[in-house]
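Just below is one structure, and these are the notes that go with it.
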Amino acid sequence: MKLDEQTRGDFPILQRIVSGHPLVYFDSGASSQKPRAVIEAMSEYYERSHANVHRSIHTLGEEATELYELARDAVQRFIGATSREEVVFTRGTTDGLGLIAETIGRTLKRGDEIVVTELEHHSNLIPWQLVARDRGAVIKAAPILADGTLDLAALDRLLTARTRVVAFTHVSNVLGTVTPVVDIVRRARSVNAITVVDGAQAAPHMRVDMSALGCDFYVFSAHKMLGPTGIGVMYGRRPVLDSFEPGRGGSEMIKEVWIDRAQWNDLPWRFEPGTPPIAEAVGLTAAIGYLEKLGMDRVAAHERALTRRTIEGLAAIPGVTVYGPPLAVDRGAVVAFAVDGLHPHDVAALLDAEGIAVRAGHHCAMPLMRRLGVVGTSRATFSVFNSPEEVSQLLTAVAGLRASL
Ligand code: C6P
């Protein structure tokens, strides 16, 4: 059975009628929809087991703690981390990148260099700008080539003995470019830089394996991978996490506290101050279970086929521009496009009138927009429940927009 036929009935929201049409949801890159398994796991948790975690020895406290820590095991398995201590829960990708930047930031000195890329989402730029401003560090960006792939030769020229951090996206949320993580990590390591990978658009769509990628940090959000909002993952390689002081403090991230000092808790709790997102962790476990049952290789193949069909179809419509690497190059489940004569927001509004949800705008990647010479784009992003027939609907609708001009 095709993946969309197998999964569609699991997503209650897909019953919605929008603008008089059955919903076609092509905005999973912003936030995916949730299968019933996730919604029910969270309701059941609140109905049966809710209490705070790591604090209370009563039955509910123990149950909640067990469920929360089971999520860590699920994530460890899902991303191939060597140990559960390497999995730290955050509020999402932005929160994880902020935590990393603040933590590394404390060790930066004037003139130290942070290398990013032109592909970055603001969440992997602004935290570095904040610490660079405070510490007198310098930010440099590796450019992209005309085809939307990263210019690795230029990246090499940016790496120096002063480079302390190389922070880059695994998959661009605009161009769908897949960066060669292993290769970049090897280059960064040759100058002893710490590698930080933004996996927000990768982890939901392909098998990611920390032991194979070899990066120091990898972050992503649950809400883009069929899970709930409010929780994300910061993977940190054990020796690197061990070497860092916590960036934020309070609550259960300590072993012993005096008025003027404290002894930190063990990993991973040292990096999890405050009451964590417990129900969200339960939802994340369910989302991971759901994806694992489908199989990430099957998910990737399904979404790759949708992406290919969309790119080929849009490129064949006169007056439509598709951005990003050619199909021959590996791409994420993202297609950004422009329709001549229409502002991206108008494209999104007109498609919405036909029940088709796409995102339009700068996609929180303004430097990339500037590089492309556009104010924004329209963008379709895919998930397990999308079908080739929905792609055909999008293509017909976009062709209709052009024809009506
Ligand atoms: N991109 C999009 O529509 P949060 O919001 O913290 O879960 O994720 C931030 C983020 C970080 N990196 C990348 C590559 C991303 O794509 C995102 C989120 C959404 O493209 C919302 S702007």
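The values are calculated or read from the model by the stated rules, or taken from the named source; none is laboratory data. Quantities reported herein were computed from a predicted structural model and do not represent experimental measurements. Cβ coordinates were reconstructed from backbone atoms using ideal geometry, including for glycine residues, and neighbour counts include every protein chain displayed.
Numbers below:
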quantity: Hey, Val38 modelled with pLDDT of 95 or more and more than 19 Å from Tyr290 (Cβ to Cβ) or not; calculated: no
quantity: Residue match in region 56-75 (condition: assigned to a loop (DSSP other than H, G, I, E, B) and modelled with pLDDT under 95); calculated: yes
quantity: Residue check for Asp260: among the charged types (D, E, K, R), more than 23 Å from Gly176 (Cα to Cα), free of Cβ contacts under 8 Å to residues at least 24 places away in the same chain and assigned to a loop (DSSP other than H, G, I, E, B); calculated: yes
quantity: Checking Lys34 against (1) under 30 Å from Ala365 (Cβ atoms); (2) exposed (fewer than 14 other Cβ atoms within 10 Å of the Cβ), the condition it does not meet; calculated: (2)
quantity: Qualifying residue in region 6-22 (condition: assigned to a helix (DSSP H, G or I) and of a type in the set (D, E, K, R)); calculated: yes
quantity: Looking only at region 347-390, and only at residues there that are β-branched (Val, Ile, Thr) and in contact with a strand residue (DSSP E or B) (Cβ under 8 Å, 6 or more places away or on another chain), the one that is nearest to the ligand (Cβ to nearest atom); calculated: Thr381
quantity: Candidates Val391, Val335, Val347 - the one that is crowded, with 22+ Cβ neighbours inside 10 Å, modelled with pLDDT of 95 or more and not in a helix (DSSP H, G or I); calculated: Val335
quantity: Hits in region 7-20 (condition: exposed (fewer than 15 other Cβ atoms within 10 Å of the Cβ) and in contact (Cβ under 8 Å) with a residue 24 or more places away in the chain); calculated: Pro12, Ile17, Ser19, Gly20
quantity: Glu303 vs. criteria over 19 Å from Asp147 (Cα atoms), within 16 Å of the ligand (Cβ to nearest atom) and acidic (Asp, Glu); calculated: yes
